[in-house]
1. Once the Cβ-Cβ distance between VAL255 and TRP66 is put in as r, and R0 is 56 Å, what FRET efficiency do you end up with, to the nearest 0.05?
2. Ranking HIS248, HIS170 by Cβ neighbours within 10 Å, fewest first, what do you get?
3. Between the range 155-187 and the range 53-83, how many Å separate their Cα centres?
4. Any idea how far apart THR151 and TYR97 come out in nm if each label point goes 7 Å out from Cα toward Cβ?
5. So who's got an amide H within less than 5 Å of the one on ASP297, skipping anything under 5 residues away but keeping other chains? H placed 1.01 Å off N, in plane.
6. Would you mind getting me the FRET efficiency between ALA30 and LEU130? Use the beta-carbon distance for r and R0 = 35 Å, nearest 0.05.
7. For VAL371, which sequence-distant residues (separation of 5 or more, or a different chain) have an amide H within less than 5 Å of its own amide H, given hydrogens modelled in the peptide plane?
8. Round to the nearest 0.05 the FRET efficiency obtained for VAL229 and LEU90 when R0 = 56 Å and r is the Cβ-Cβ distance.
Amino acid sequence: MSRWMRIRSQMTGALVIVSVGLLLRTVGVAHLYQFALNPFRTFETSLVELVSLTGWASAIVIAGYWFSRRGLRPDQLWRIATWCLVTMGLMTAFVGYILVDVSLGGGWLPDPRFTLLLGANVGAGVGIALGWQRVRAIETAKRRERRETQTELLERQTRVLSHLNRHLRHHVLDTVTVVDGYTDLLSPHIDDDGRRYLTPIRERNARTVDLLANVDALVDALGTPASLVTRDLSLVLHAEVSAARQAHPQATFDVDVPTGVVVRADDLLDIVVANLVQNALVHNGSDHPHVSVRLDDDDTRVRLTVTDDGPGIPQSVRETFGHVDGVPETTDDTGLGLYLASVVAQRYGSELTFSAEDDGGAAVGFTLQRVAPAPWTTTPSTQLMDRPQPTAGESRRRPAEDDEADSAISSPLQR
């Protein structure tokens, strides 16, 4: 019984509309049948009346059935049915008033009954159209209100998460600074055999700083719109490869990067390139890893590819990092680095791609939009050797963030 009541409550409005259409169609057919034997009526007149009355009535029946299949709520169906009934009544009353006025004035109408039926059909059809538009307008307003509410909630959550990120970043970096300081103080007081245990501490601290830099960059990439400027990709690649050479002297690099390649990017480009190169080195599995950095460019696009000779990337990981909505399930900084690269690639209008090499290893890359370099933006890559390069443990924060972080963090050793 409850199921029948539920179905009836959902179909009542649609049944009212269908019933109105069937009623108008029945009355119209009866009217036409009554005058079918009239010898003074022409075939053309009867055909026009047939098409007019049955056409409108059939359209009303079809509209009621269509609404029943749209999955509308009962209140929405009743709203449309109410508009149909009210408008049909008003139109019928208006046409009836005109007919009475013409009749009292001595005028002549060829078929008052047909005119009245046609007015009722037109009124019902117009009422259905107005009711449907009203339902859509109400739903649009509700969706807009929900979007505004969700936007306000997301903005509030973003502000809270941004504050927590800065707070956590401050305290973690403060802790890392303290650990590094005490490690340096402890080093002269232990022998060579014990000093080797300090190396994992320093390496873990360096990875923690890099991880925080990735998280900070990921928050920027997800929370702020892209503001792309011209960047010299050649300078960025040579700088990151030079830093990787200093941090991993046992590795070999094959760099095929021409000078003066300028692209549309932002300040996240450095972090993405550093992540791709570091992932190729750290997770290579070989004592002497080999990494290849290559640029394939044409007049409009530049493709950056970083290739290694390691064990490769599993298919499940590729599918996760190939989409910006896919959050990595891994908990280490490698997964976060690839996810950051995927997000930034889509930020640049591209997609992070993975491919397996024939002799083992993996190739990871994405494309960027190339622009014509200005005379003052092209710097020979040989000048990069004279620039101070970051070491393996240094954070890759932007200069403005370095100043802010240095002023906000004070080690107990410095107090």
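Values quoted throughout were computed directly from the atomic coordinates according to the rules given, and no laboratory measurement underlies them. A quick note: this is a predicted structure, and the numbers were derived from the prediction, not measured. Reconstructed Cβ throughout: ideal geometry from the backbone, glycine too, with neighbour counts over all protein chains shown.
1. 0.30
2. Least crowded to most crowded, the residues run HIS170, HIS248.
3. 62 Å
4. So the label points at THR151 and TYR97 sit 4.4 nm apart.
5. Under 5 Å from the amide H of ASP297: ARG303.
6. The computed FRET efficiency comes out at 0.80.
7. So VAL371 has HN proximity to VAL262, VAL263, ARG264.
8. My answer for the efficiency is 0.35.
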